[in-house]
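Notes follow once the structure below has been shown.
None of the figures in this text is laboratory data; all of them are computed from the coordinates on show. Since the structure is predicted, the reported quantities are computational estimates derived from the model, not experimental observations. Ideal geometry is used to build each Cβ from the backbone, glycine not excepted, and the neighbour counts take in all protein chains shown.
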Amino acid sequence: MVDTLRSGWLTSGPKTARFEAEFAKYTGAPAALGLHSATAALHTALVACDIGPGDEVISTPMTFAASLNVIEQVGARPVLVDVEEATLNLDPRLVEKAITRKTKAILVVHHAGHPVDLDPIRELCAAHKLTLVEDAAHALPTKYKGKLIGAGENPVAFSFYATKNMTTGEGGMLTGSKELLEKARVISLHGMNRDAWKRYKKEGSWRYDIVLPGFKYNMMDLQAALGLPQLQKLPGFHSRRKEVVRRYNAAFGKSDALETPVELPYAEHAWHLYVLRLRPEALKIGRDQVIEELKARNIGTSVHFIPLHTQSYYREKYGYAPDDFPVAMRVFDRMLSLPLDASLDDRSVDDVIEAVLDVVKTFRR
Ligand SMILES: *Cc1c(COP(=O)(O)O)cnc(C)c1O
């Protein structure tokens, strides 16, 4: 950071270029583009894939607002389908039924860091000529069938937001084919293309051409200066997350009032979130009250996510009812995310375990 400040080059420059190269090398991506956020990466990706008015994008209600907001921003229509009970990821069997002549893309979200079952979705994309866009805000590092998410040619968006598995404060990365990312780079920075101008004239480097009305989404070297060492630390962060998860699973797996998260055979989980599920039949209180009881025991929790079809904008625009996506709603009603971070020490983990087990014991049916 200090080196960057002293260098006088604060915004996109050599550090961003190095961060992009190292991120691409780490994930096995053909190319990577540093941006201001994952939201910016998703927005840029949709524009780069020519998705706009009249198009439909199939996606999930079990995600953060950003995943669907960008579909609205480009003027396309998000078409929601329900999730799988086990992973809370898009259910491939339901995706097929939602495909119409207007469908242009499928936007999947690797919820909590567990990979989506990509093979059946890739087959649908190939059969119907659709683009697969991945929201990998939670999925670093996530593997699907032994391969890291982000290693393919299709657009994949990563987040370096303050709470994510590695951080630059605010920041994001788009991975994908070289060709796609060249286009995305122009879109992400004013639609400014120096190369396009060079095609016509061979003069000074102050010349540029605006080829489309682009965004201002570029990553700063100040962000990349944080990202470079964070990327080095990522494997260490990930093993600590796995260790915390092992301790939680060992403590909660035995309780008949609790259901621990799964890692399916094809998956290597990033463990961005630890989503614990309650068994309502075993407890006298519901999820909301469990959260209050944990708060009273000094444990902060959250819920990821409030299904988007119940949020005002989406509910009113598309006339959704809560039980239009029954699996998402049913799990939403009984789930909560426990503290999970690489900086959690064993004592803090024990505090969380003790508080959860105490709430369960106190309110057992
Ligand atoms: C955090 C998050 C985003 C947005 O990431 P930013 O980098 O903050 O834009 C998108 N999708 C999901 C699922 C997220 O959790």
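Inter-part distance, segment 207-267 to segment 1-72, computed on C-alpha centroids, equals 15 Å. In this structure the amide hydrogen of Leu80, modeled in the peptide plane, comes within under 5 Å of the amide hydrogens of Ser59, none closer than 5 places in sequence on its chain. Taking every C-alpha pair closer than 8 Å and separated by at least 6 residues, the mean separation divided by the residue count of segment 288-340 gives a relative contact order of 42 percent. Taking the Cβ of Leu283 as the center, what net charge do the other residues with Cβ under 11 Å away carry, scoring Lys and Arg +1 and Asp and Glu -1? Residues near Leu283 contribute +4 overall. By DSSP, the beta bridges lying fully in the chain are antiparallel in about 65 percent of cases.
Mean sequence separation of contacting Cα pairs (under 8 Å, at least six apart), scaled by the length of segment 212-325, corresponds to a relative contact order of 14 percent. Inter-part distance, segment 79-96 to segment 135-178, computed on C-alpha centroids, equals 21 Å.
Given 4 °C and 1.567 mPa s, compute D for segment 22-153 with the Stokes-Einstein relation, Rh being the Kirkwood radius over Cα pairs; round to the nearest whole µm²/s. Translational D for this selection: 87 µm²/s. For the chain, hydrophobic long helices are taken as DSSP H runs at least 18 Å long by C-alpha position along their axis with mean Kyte-Doolittle hydropathy of -1.0 or more; these are 14-27, 221-252, 346-362.
Our analysis of the chain gives Rg over Rh at 1.00, with the two radii drawn from alpha carbon positions and Rh computed by the Kirkwood formula.
Highest-first packing order for the peptide set 233-244, 145-156, 130-141 is 130-141, 145-156, 233-244, based on the mean count of other beta carbon atoms within 10 Å. Each DSSP beta bridge with both residues in segment 131-180 is either parallel or antiparallel, and the antiparallel ones are about 75%. For the chain, the relative contact order comes to 20 percent (Cα pairs under 8 Å, sequence separation of at least 6). Taking only the C-alpha atoms of segment 223-365, Rg followed by Dmax gives 17.3, 53 Å.
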